[in-house]
Amino acid sequence: MRSATIAAAAALLVGAAACGGDSEPEADDTREATLEALPGWAEALPDAVGSATVATADGATAFELNVSGLEQLAGYTAHVHDGTCDDTPPGGDHWLADPEQGDVESNWIHLMIETSVEGAGNGTADFDHVADDRARSVVVHIDIADSDQAARMPSDRVLCGDLE
Ligand SMILES: [Cu+2]
């Protein structure tokens, strides 16, 4: 009986391989966020806005960000976060692909941009993670070391937008 069981299992494996090993594709999902300046920054940068797209397909995620009205020639980092913009702090913590791996860069969906002389910037990045429904917002942080203005602000969190 035991060998019959093994033979059946082997047949299943061969069957899976014959179809290329494909499982059902996960549902593709595109979510967007409209980013607005957070308290403190809204007064300093009255025209600051942004938009972000988080698109999952085929087990991967594409992250796209556009910003304007920010400080000129400044460095910013954007992450997908796990809270909403009404949380404290806005956006909560980093979304983590595998929460057990902890808060490390390889576990994030993020990108870095440098603004133009007009204070605008954009970027795209692709990840092997699938942004699931724990991904709830996009937060843009300024690199405080780059900015006198940032050093006077209560937080490095400049923009936040909920993913919808
Ligand atoms: Cu962040």
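Can you go through Arg157, Arg152 and tell me which one is in contact with a helix residue (DSSP H, G or I) (Cβ under 9 Å, 6 or more places away or on another chain) and either away from the ligand (no atom under 13 Å from the Cβ) or farther than 21 Å from Cys85 by Cβ (or both)?
From the options Arg157, Arg152, the qualifying one is Arg152.
Can you tell me which residue among Gly83, Gly119 is closer than 21 Å to Ser137 by Cβ and assigned to a loop (DSSP other than H, G, I, E, B)?
Of Gly83, Gly119, the one residue that is closer than 21 Å to Ser137 by Cβ and assigned to a loop (DSSP other than H, G, I, E, B) is Gly83.
I'd like to know if the range 28-43 contains one or more residues that are among the acidic types (Asp, Glu), assigned to a loop (DSSP other than H, G, I, E, B), within 20 Å of Val130 (Cα to Cα) and in contact with a strand residue (DSSP E or B) (Cβ under 9 Å, 6 or more places away or on another chain).
Looking through the range 28-43, at least one residue is among the acidic types (Asp, Glu), assigned to a loop (DSSP other than H, G, I, E, B), within 20 Å of Val130 (Cα to Cα) and in contact with a strand residue (DSSP E or B) (Cβ under 9 Å, 6 or more places away or on another chain).
Name the residues in the range 47-65 that are modelled with pLDDT of 95 or more and not aliphatic (A, V, I, L, M), would you?
Correct list: Asp47, Gly50, Ser51, Thr53, Thr56, Thr61, Phe63, Glu64.
So that you can scan it fast, the table gives a plain yes or no per residue for (1) touching a residue at least 60 places away in the same chain (Cβ under 8 Å); (2) in contact with a Lys or Arg (Cβ under 7 Å, 6 or more places away or on another chain); (3) surrounded by 16 or more Cβ atoms within 10 Å (Cβ to Cβ); (4) not basic (Lys, Arg):
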| site | (1), (2), (3), (4) |
| --- | --- |
| Asp103 | no, no, no, yes |
| Trp108 | no, no, yes, yes |
| Val117 | no, no, no, yes |
| Val138 | yes, no, yes, yes |
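If you scan the range 66-95, which residues turn out to be more than 12 Å from the ligand (Cβ to nearest atom), at pLDDT 95 or above and within 18 Å of Leu111 (Cα to Cα)?
Correct list: Asn66, Val67, Ser68, Leu70.
Do you know which of the residues in the range 95-116 that are of a type outside the set (A, V, I, L, M, F, W, C) and in a strand (DSSP E or B) is farthest from Ser68 (Cα to Cα)?
Selected residue: His110.
The values are calculated or read from the model by the stated rules, or taken from the named source; none is laboratory data. Note that the coordinates shown come from a computational prediction; the quantities given were computed from them, not determined experimentally. As a convention, Cβ positions derive from the backbone with ideal geometry for all residues, glycine included, and neighbour counts pool all protein chains shown.
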